[in-house]
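> Take a look at the following structure, please.
The values are calculated or read from the model by the stated rules, or taken from the named source; none is laboratory data. Predicted model only: the values in this text are computed from it and were never measured. Here Cβ is always computed from backbone atoms with ideal geometry, including for glycine, and neighbour counts include all displayed protein chains. For the accessible areas, the whole protein counts, side chains as well, though only heavy atoms, and no ligand, DNA or RNA atoms are used. Shrake-Rupley method; radii C 1.70, N 1.55, O 1.52, S 1.80 Å.
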Amino acid sequence: MRTLFLPPLSVDQAERRRALRNAFARFPSGVTALCALGREGPVGMAASSFTSVSLEPALVSVCVGRGSTTWPRLAAAGRVGISVLGGEHAELSAALAARGVDRFADATWEASPEGAVFLAGAPLWLDCRVHRTVPAGDHDIVLFEVLGARTDDRFGPLIFHLSAVRALETR
């Protein structure tokens, strides 16, 4: 068993961030895609910080890094589709996290009349709009109001664990 300790605050901050990122990587999470129609087609990003928040009102949250150049375009869209990525989406999740590439080059997607974009092969689609944004350190916690949902039990989820994505078998 390996024990990780965070370096004290007096130690190099880059080293401390690496140690903390390494520690956080031990917590498995699902992988989502936040997508909407932009002026030139679909805009999207991957996020592994998704969680359900409330049933009444129906709310979910995602933490978005303040340095994101994609989030401002999604926030301006009005409606955002959140797709929980399926086990076959490993390459797509990498594309959605990459910079300077066509993130939707190999994606099959559809858009709602309101402009939310959903990815084929996802076990869950949520049609959302931003409810509130809460500053939190170097991220913002974005609370989304869920306006609609669609599930598809044919697909198992994609999991992010130890800084890698893996398919989770559900049957």
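> List the relative contact order of the range 1-159 as a percent without decimals, with contacts defined as Cα pairs under 8 Å and 6+ residues apart.
24
> Express the accessible area of the chain per residue in Å², computed with a 1.4 Å probe while the remaining protein chains stay in the model.
Per-residue accessible area for the chain comes out at 61 Å².
> What does the net charge come to around S112 if you take all other residues with beta carbon closer than 14 Å to its beta carbon, with K and R at +1 and D and E at -1?
Once all neighbours under 14 Å are counted, the net charge is 0.
> Counting Lys and Arg as +1 and Asp and Glu as -1, what is the net charge of the other residues whose Cβ lies under 11 Å from the Cβ of G65?
-1
> Next question. What is the sum of charges, Lys and Arg at +1 and Asp and Glu at -1, for the other residues whose Cβ falls under 12 Å from the Cβ of R129?
-1
> Specify the residue with the greatest mean-square fluctuation among L92, L126, L55, computed from a Gaussian network of the chain linking alpha-carbon atoms under 10 Å apart.
Checking each option, the largest mean-square fluctuation is seen for L55.
> Write down, largest first, the equivalent ellipsoid semi-axes of the chain in whole Å, where each equals the square root of 5 times an eigenvalue of the alpha-carbon gyration tensor.
In descending order the semi-axes read 27, 19, 16 Å.
> Quick one: pull the percent of accessible area on the chain belonging to carbon and sulfur, 1.4 Å probe, ligands and nucleic acids left out.
About 54 percent, which is the carbon plus sulfur part of the accessible surface.
> Check A58: other-chain or 5+ apart residues with amide H under 5 Å from its amide H, H built from backbone geometry?
Hits under the 5 Å cutoff: V146.
> Taking only Cα atoms, what is the 0 to 90° angle, nearest 10, from helix 13-24's long axis to the longest principal axis of the chain?
Helix 13-24 sits at roughly 60 degrees to that axis.
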